[in-house]
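Right, one structure below, let's go through it.
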Amino acid sequence: MSVEQLEGNSDCRRVEDISLLSHSKSVDDVYIPQVAENCKPKVGQEFESIDGAHEFYIKYAKEAGFSVRSSSTKRCKGVKEVVRKEFVCFKEGVSSIKDGERKRCRGMTRENCKAKLAVVRSKTGKFVITVFVEEHSHPLSTPRRVHLLRSHRSVSEAKKSLTLQFSAANVPTHQQISILEFEAGGIENIGCTKKDIYNHEAKVRNELRGQDAELLKEYFLTEQEKDPCFFFKIDVDDDGKLKRCFWADSVSRRAYGCFGDVVVFDTTYNTNQYGMIFAPLVGVNNHGQTVLFACAFLSDEKTESFV
């Protein structure tokens, strides 16, 4: 079946079209990516799925020096099965903001670029490239900067797990980036930017918001399994919110048994994030060194909170 037949042979109607194409404008310069032939899409090339075609075009775009975004989708009537999908250059279309209306000095995000790739579902179920426009209306990114483009940036599952372990060890985000850069052999090989790491960590914090007390209790139970002498107590209010908690491990309890003649109870440490008071119970050993007997979190400094 020819490409023209694939484009026209369908009783499907367009139910979703998010294309941003506008009237073409004349351009003096045309930029054609210098990419190896085996990496370049070809009309008639087949893929098992739309995701396969999308991944291939993104790989080509990274070699070429531009970013990719979805443009339009055509679905089959009734079953809403995708039968045609179009991917375009991230600078496709024209900006609706005039130059005089820009509040910040930013680069042009829309330059009416016509570069695109369209795939159509054939009778065999595979997706075939029917349209491939190679020419761009704007300069392409250099290899040293292409990793900053949106479609080539993502925080992989391995990096998500690694940053989670770094955060648990109180490693600052800027140091995490330095470690990832050293491991990857350069910042351009990390696959994401510092901002992406910050955004991922913020997303994790938002997902855990409201579950911190449960996580603290789970941590205490885990410590109790490892150390049978580990002791903790948690009190909650009528709404189930944490009011106060107290904990001490075996080392601290032994220290109290030996040097508990004098105990200093300090409540001057206030945690800003939760508005709770951190109250360490400390003493002095026979060497004149400070030793920790126990710790507590208090919601206030009322008498009942200390009893």
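The values are calculated or read from the model by the stated rules, or taken from the named source; none is laboratory data. Keep in mind it's a predicted model, so treat the numbers as computed, not measured. Positions of Cβ are backbone-derived with ideal geometry, glycine not excepted, and every protein chain shown enters the neighbour counts. Just so you know, the surface numbers come from the protein's heavy atoms only, side chains and all, with ligands and any DNA or RNA stripped out. Shrake-Rupley method; radii C 1.70, N 1.55, O 1.52, S 1.80 Å.
If the condition is being open to solvent by less than 20 Å² (accessible area, probe 1.4 Å), farther than 20 Å from residue 152 by Cβ and out of contact with any Lys or Arg (no Cβ under 7 Å at 6 or more places or on another chain), then the range 34-89 contributes only 72. A count restricted to the range 223-246 and to residues that are of a type in the set (Phe, Trp, Tyr) and open to solvent by 50 Å² or more (accessible area, probe 1.4 Å) stands at 2.
Only residues that are more than 16 Å from residue 88 (Cα to Cα), outside any helix (DSSP H, G or I) and either of a type outside the set (S, T, N, Q) or without any contact (Cβ under 8 Å) to a residue 40 or more places away in the chain (or both) were counted across the range 38-67, and they come to 4. When residue 175 is tested against (1) assigned to a helix (DSSP H, G or I); (2) open to solvent by less than 80 Å² (accessible area, probe 1.4 Å), only condition (2) is not met. Filtering the range 218-240 to residues that are out of contact with any helix residue (DSSP H, G or I) (no Cβ under 9 Å at 6 or more places or on another chain) and hydrophobic (A, V, I, L, M, F, W, C) leaves 220, 221.
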